[in-house]
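Down below is the structure, laid out as structure tokens.
The values are calculated or read from the model by the stated rules, or taken from the named source; none is laboratory data. Being a predicted model, the structure only gives us computed values, none of them experimental. Cβ coordinates were reconstructed from backbone atoms using ideal geometry, including for glycine residues, and neighbour counts include every protein chain displayed.
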Amino acid sequence: MNIHEYQGKAVLKEFGAPVSAGFPALTVAEAVAAAKKLPGPLYVVKSQIHAGGRGKGKFKELPADAKGGVRLAKSVEEVEAHAKEMLGNTLVTAQTGEAGKQVNRLYIEDGSDIAKEFYLSALVDRETSRVAFVVSTEGGMDIEAVAHDTPEKILTFSVDPATGIMPHHGRTVAKALGLSGDLAKQAGTVLNQIYAAFVAKDMAMLEINPLIVTTQGQIKCLDAKVSFDSNSLYRHPELMELRDETEEDPKEIEASKYDLAYIALDGTIGCMVNGAGLAMATLDIIQLYGESPANFLDVGGGASEEKVTAAFKIITADPKVKGILVNIFGGIMKCDVIARGVIAAVKAVGLEVPLVVRLEGTNVEEGKQIIRDSGLNVIPADDLDDAAQKIVAAIKKA
């Protein structure tokens, strides 16, 4: 689960991390009121969307030369003007895709006098089962570009969960960023605070870009991009309250109600599969035969008929879907349960696109018989390769 920058900074502040003063705003009036609470004379008006690259982004409804989604303001009047332009308009960044995201929230923040900009992030390293840190002197840049063009400017290290942050970790960061004296001590303190927040809140990723040094000699987290491990959210009801469903795909929201692993994609073939590995293989073979998947959908190993029906309805709700591929290898999941769920869903929502079903495993013959007896126009397949070729051919023929 992702949250907005201002929410991420509030979480960091709980752990003592240094962040600038600021207030969220849902309306122009609230933006003006927020600016009046800050000391000024410099303010920052930040669009709050779940995507990076906001400063370089462009609004669809504004002229091409208009400023991006993060703007400086030297007066309350400028804050008001920026808020009027930004709220309700669609911001397109490198991470949103061409569709962009509508800006429904702003963050009005006190301006900072920046002397240096750095990059700092923490994430879960699944190979070592540790929290790993990525540090770079190239703050404000896309870390992917830095990794490609100047990899020597990136330092990575992991933290042993048995010890947590140790003094040598702080010294490592300070050395990598060229900090000494009091700034080196501050770097060590911030590292401790970030690690504590990461572990306590079950974060999956925390990116601070940039981490700055002000002209007054203070280290600050000038941005905060935070995502949490969705599997741990049952432990954090306070975090669930931060969820902004307007930033999420409605189909993904509906899928979460049924505990379905669903991710919307941009292709034309809707997929319903059991097991993440088989789902990835299904997506790959669709690409191999010249089409693109419209979603990743893993119904899991013990899905009920109700869950399968819900999954099918979610797939058919996507207007981009031109065909559907059901690929089930039954172990714990039984093929007859899948078949009944598919039939129930088709009868409930109708079937206006080609449907290919490949069943194998537990109760496979019962499942195939249920589909045959349904009288529906379903294309059977013997294996995954056969299924992929048939759904691609059916789409091209339709």
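Numbers at a glance
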| quantity | calculated |
| --- | --- |
| Failed item in (1) of a type outside the set (A, V, I, L, M); (2) assigned by TED's automatic domain parsing to the domain that holds residue 32; (3) surrounded by 17 or more Cβ atoms within 10 Å (Cβ to Cβ); (4) part of a loop (DSSP other than H, G, I, E, B), with residue 139 passing the rest | (2) |
| Any chance residue 288 is out of contact with any Pro (no Cβ under 7 Å at 6 or more places or on another chain), surrounded by fewer than 14 Cβ atoms within 10 Å (Cβ to Cβ) and either of a type in the set (A, V, I, L, M) or at pLDDT 90 or above (or both) | yes |
| Region 326-376: number of residues that are among the basic types (Lys, Arg) and more than 18 Å from residue 315 (Cβ to Cβ) | 3 |
| Condition met for residue 298 (among the acidic types (Asp, Glu), more than 15 Å from residue 258 (Cβ to Cβ), in the same structural domain as residue 261 (by TED's automatic domain parsing) and in contact with a helix residue (DSSP H, G or I) (Cβ under 9 Å, 6 or more places away or on another chain)) | no |
| Residue in region 11-32 that is farthest from residue 79 (Cα to Cα), counting only those that are loosely packed, with under 15 Cβ neighbours inside 10 Å and among the hydrophobic types (A, V, I, L, M, F, W, C) | 21 |
| Residue count for region 356-395, restricted to those that are at pLDDT 90 or above, in contact with a strand residue (DSSP E or B) (Cβ under 8 Å, 6 or more places away or on another chain) and assigned to a helix (DSSP H, G or I) | 9 |
| Positions within region 1-20 being more than 20 Å from residue 54 (Cα to Cα) and in a loop (DSSP other than H, G, I, E, B), in sequence order | 15, 16, 17, 18 |
| Residue among 337, 346 that alone is assigned by TED's automatic domain parsing to the domain that holds residue 290, closer than 20 Å to residue 258 by Cβ, surrounded by 14 or more Cβ atoms within 10 Å (Cβ to Cβ) and touching a strand residue (DSSP E or B) at 6+ places or on another chain (Cβ under 8 Å) | 346 |
| Every pair of residues 6+ apart whose Cβ atoms lie under 8 Å, when the first sits in region 83-106 and is more than 11 Å from residue 26 (Cβ to Cβ) while the second is of a type in the set (Ser, Thr, Tyr) and in a helix (DSSP H, G or I) | 102/246 |
| Residue 187, sole failed condition from (1) out of contact with any Leu (no Cβ under 9 Å at 6 or more places or on another chain); (2) modelled with pLDDT of 95 or more; (3) small (Gly, Ala, Ser) | (1) |
| Failed item, numbered, when residue 358 is tested on (1) of a type outside the set (Val, Ile, Thr); (2) crowded, with 23+ Cβ neighbours inside 10 Å; (3) without any contact (Cβ under 8 Å) to a residue 12 or more places away in the chain | (3) |
| Residue among 260, 239, 222 that alone is under 17 Å from residue 201 (Cβ atoms), surrounded by 14 or more Cβ atoms within 10 Å (Cβ to Cβ) and modelled with pLDDT of 85 or more | 239 |
| Filter result for the condition that a residue is in contact with a strand residue (DSSP E or B) (Cβ under 9 Å, 6 or more places away or on another chain) and within 30 Å of residue 90 (Cα to Cα), over 315, 286 | 315 |
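Let's see how each residue does on (1) over 18 Å from residue 140 (Cα atoms); (2) surrounded by 17 or more Cβ atoms within 10 Å (Cβ to Cβ):
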| site | (1), (2) |
| --- | --- |
| 152 | no, no |
| 160 | yes, no |
| 165 | yes, yes |
| 170 | yes, yes |
| 182 | yes, no |
